[in-house]
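Only the coordinates and a few stated rules stand behind these numbers; no lab work does. Computed from a predicted model, the values in this text were never measured in an experiment. Cβ coordinates were reconstructed from backbone atoms using ideal geometry, including for glycine residues, and neighbour counts include every protein chain displayed.
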Amino acid sequence: MNGFRTLAASIVLCASTSALAQDKPLVVGFDGTFAPHAMPKMGGGIEGFNVDLVVEAGRRMGRKVEVFSGEFSGLIPAMNAGKLDFVGAPTTVTPERAANLLFSEGYLNTYYSFVVAAGKPNLKSLDELKGKTISTNKGSAYDKWLQDNAAKYGYKSESYGTNADAMQAIIAGRADAGLTGNTTGAYAALKSSSQLKVATLKVDQGLVWGAVFRKDDNKMRNAFDEAIECMKADGTVAKLHEKWFGVKPEAGSAAVTAFPGYGVPGLAGYDPTAHTPRCK
C-alpha cells in the first residue's frame with residue numbers, strides 16, 4: 001500500500017514538474033542591434049520582425065517568450081551553455097553550422113548585400129573589392145564569407161560587434177563598403193538619412209534564415225517548425241514581412257512556403273518525417 005502511495009506521489013510530482021516546465025517562459029536570444037529584425041524600441045526592450053515572429057510562434061507553442069538581447073557572436077555559445085532555449089536572431093543556415101546545430105525550416109530567403117556610402121561609386125563586380133576595406137557583423141555568415149574570400153579578391157575585412165557599428169564604419173569613412181543581409185542592408189540605407197545606399201553587387205547562394213537550436217533539442221525545434229508552418233499557411237509571416245520590410249514576400253519564397261519534414265532539406269539535422277502541423 002505504501003508503495004502504491006509512493007508511486008502515486010511520484011506520478012503527481014512528475015506531472016507537476018512537467019506543467020511547471022511548460023509554464024516557464026522560453027528564453028530566446030536576439031542581436032538587438034540588427035534592424036529591422038531586432039532593434040531598440042522607445043521605453044526599453046527590443047522590437048522587430050524576428051521578435052514578432054518568435055513571440056507569436058511561442059504563443060502557438062503554448063509558451064511565453066522572454067527576450068534576451070546580446071551580440072550575435074555570443075548567442076550560440078550562450079545557448080549551448082544552457083542560458084538560452086534557442087536563438088531567434090536571423091541566422092543563415094549553412095552546411096558548416098548545420099553540422100553542429102539544429103535549424104528550423106527557413107522563414108526568409110537571404111542573400112549577401114553590399115552597402116556603400118551614398119556619395120561613393122556603385123559596386124557591380126567582386127573584382128572591384130580589391131584594395132577596399134569591408135565591414136561586417138562579427139560572427140555572422142557575412143563575416144565568414146569575407147574571411148574566406150579576402151585573399152581571392154584582395155580586400156581587407158573588419159568585424160564589428162554589431163551590424164549598426166559595421167554600417168556606421170562606412171558613414172565614418174573607416175570602411176569602403178559593408179556586407180550584410182538583403183533586408184538589413186535595405187533597412188540601413190532607408191534609415192541612414194541618405195548617407196548609405198545598397199550597391200548593385202550581391203552574393204546569392206540560395207540560402208535561408210532559420211532559428212537555431214541545440215543539436216539534441218529535436219523536440220523544441222520540431223514544435224517551433226510546426227508553429228512557423230502554421231504562420232506561413234495563415235499569412236502571418238507575410239503580414240510581418242510587409243510590416244517590417246514594406247513589401248509583400250515573393251510567391252514561392254521561404255516566407256510563404258512550408259517545407260516538408262523538419263529543418264532545412266538537404267542539410268545535416270533535417271528530419272524528413274511527414275507531419276501535419278496542429279495549428280492554433
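Annotations
- Exposure proxy ranking for His37, His241, His275, based on other Cβ atoms within 10 angstrom of each Cβ and starting from the fewest, stands as His275, His241, His37.
- Total formal charge among the other residues, if their Cβ is under 13 angstrom from that of Leu102, Lys/Arg +1 and Asp/Glu -1: -1
- A straight line joining the Cα centroids of the stretch 131-175 and the stretch 53-128 runs 17 Å.
- Under the Debye formula (equal points on every Cα, no solvent term), log10 I(q)/I(0) of the stretch 69-153 at q = 0.12 Å⁻¹: -0.48
- Sorted by Cβ neighbour density within 10 Å, fewest at the top, the residues Ser125, Ser192: Ser125, Ser192
- Coarse-grained scattering of the stretch 85-238 at q = 0.14, 0.15 Å⁻¹, given as base-10 log I(q)/I(0) from a Debye sum over alpha-carbon atoms: -0.72, -0.81
- Of the residues Met231, Gly154, Pro95, the one whose Cα sits farthest toward the positive end of the charge dipole of the chain, with +1 on the Cβ of Lys and Arg and -1 on the Cβ of Asp and Glu, is Met231.
- Bridging of Lys243 to lysines at a Cα separation below 21 Å is possible for Lys41, Lys191, Lys232, once same-chain residues fewer than 8 apart are set aside.
- Only Lys, Arg (+1) and Asp, Glu (-1) charged, at Cβ; the chain dipole about Cα centre in debye: 260
- Length released on extending from Asp204 to Asp127, taking residue separation times 0.36 nm less the Cα-Cα span: 26.1 nm
- Shape of the stretch 38-117, Cα gyration tensor, a/c cut at 1.5: rounded
- Of the two radii for the stretch 17-168, the radius of gyration is 1.03 times the Kirkwood radius, both from the alpha carbons; that is the Rg over Rh value.
- Pairwise Cα inverse-distance average, inverted: Kirkwood Rh of the chain (Å): 19.9
- 3J(HN,Hα) couplings calculated from phi for the stretch 69-74 with the Karplus curve 6.51 cos²θ - 1.76 cosθ + 1.60 (θ = phi - 60°) are, in sequence order, 10, x, 5, 4, 4, x Hz; Gly and Pro show x.
- The chain: antiparallel DSSP beta bridges as a percent of all, rounded to 5: 60
- Counting neighbouring Cβ atoms within 10 Å and putting the fewest first, the residues Cys279, Cys230 line up as Cys279, Cys230.
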